[in-house]
């Protein structure tokens with residue numbers, strides 16, 4: 001199980017107990033909340049970084065969000081013990097994205113390449129979700145630079161080569 005732990009990805013966080021039968025309300029970090037109904041098992045990580053595998057008994061999508069029922073969590077006290085735990089799944093179990101799209105954790109760490117010259121410009125530090133689209137935080141030789149995928153600067157996200165190809169606008 002140790003080698004598998006490095007391949008886990010965060011998909012949600014447990015918010016709080018829901019009702020008295022052990023269900024928990026979950027904050028999803030995925031684009032498709034229906035994906036939770038296909039999960040048979042998840043991994044929970046507590047604030048001490050300890051990880052445990054859990055079986056998913058049921059899933060409900062309500063007007064207020066996602067509710068999960070985990071095996072062995074049968075009352076409110078047991079559900080309360082899960083508050084703020086992170087919900088993880090093995091990386092190889094997450095849905096494949098269409099060509100040209102990538103998960104945020106795949107983009108962070110990518111090499112930034114000038115699309116015209118092929119020159120390495122730096123690295124992607126982070127991806128921030130904003131109302132107008134994703135904002136990529138780049139480290140260009142020690143200088144922070146922000147680009148959005150809503151504009152023309154991002155040319156291609158290549159997950160195989162771990163490259164973010166860009167055509168940066170001239171600074172003003």
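The values are calculated or read from the model by the stated rules, or taken from the named source; none is laboratory data. Predicted model only: the values in this text are computed from it and were never measured. Cβ placement follows ideal geometry from the backbone for every residue including glycine, while neighbour counts extend to all protein chains displayed.
If you go through the stretch 59-103 and pick out every residue that is out of contact with any helix residue (DSSP H, G or I) (no Cβ under 7 Å at 6 or more places or on another chain) and closer than 30 Å to residue 158 by Cβ, you end up with 16. If you go through the stretch 82-135 and keep only what is exposed (fewer than 13 other Cβ atoms within 10 Å of the Cβ) and closer than 30 Å to residue 20 by Cβ, you end up with just 84. Restricting attention to the stretch 125-172, the residues that are in a loop (DSSP other than H, G, I, E, B), in contact with a strand residue (DSSP E or B) (Cβ under 6 Å, 6 or more places away or on another chain) and closer than 16 Å to residue 103 by Cβ total 1.
Selection within the stretch 6-39: residues that are out of contact with any strand residue (DSSP E or B) (no Cβ under 6 Å at 6 or more places or on another chain) and loosely packed, with under 14 Cβ neighbours inside 10 Å. The member of this set that is modelled with the lowest pLDDT is 6.
Taking the criterion of being under 20 Å from the mean Cα position of the chain (by Cα) and either surrounded by 15 or more Cβ atoms within 10 Å (Cβ to Cβ) or not assigned by TED's automatic domain parsing to the domain that holds residue 108 (or both), the residues of the stretch 150-161 that qualify are 157, 158, 159.
With respect to residue 69, is the statement that it is closer than 30 Å to residue 20 by Cβ and at pLDDT below 95 true? Spelling it out, it is not the case that residue 69 is closer than 30 Å to residue 20 by Cβ and at pLDDT below 95.
Cβ separations smaller than 6 Å between residues 6+ apart or across chains give the following pairs from the stretch 65-77 residues that are closer than 12 Å to residue 52 by Cβ to residues that are surrounded by 14 or more Cβ atoms within 10 Å (Cβ to Cβ): 70/54; 71/57; 73/22; 73/79.
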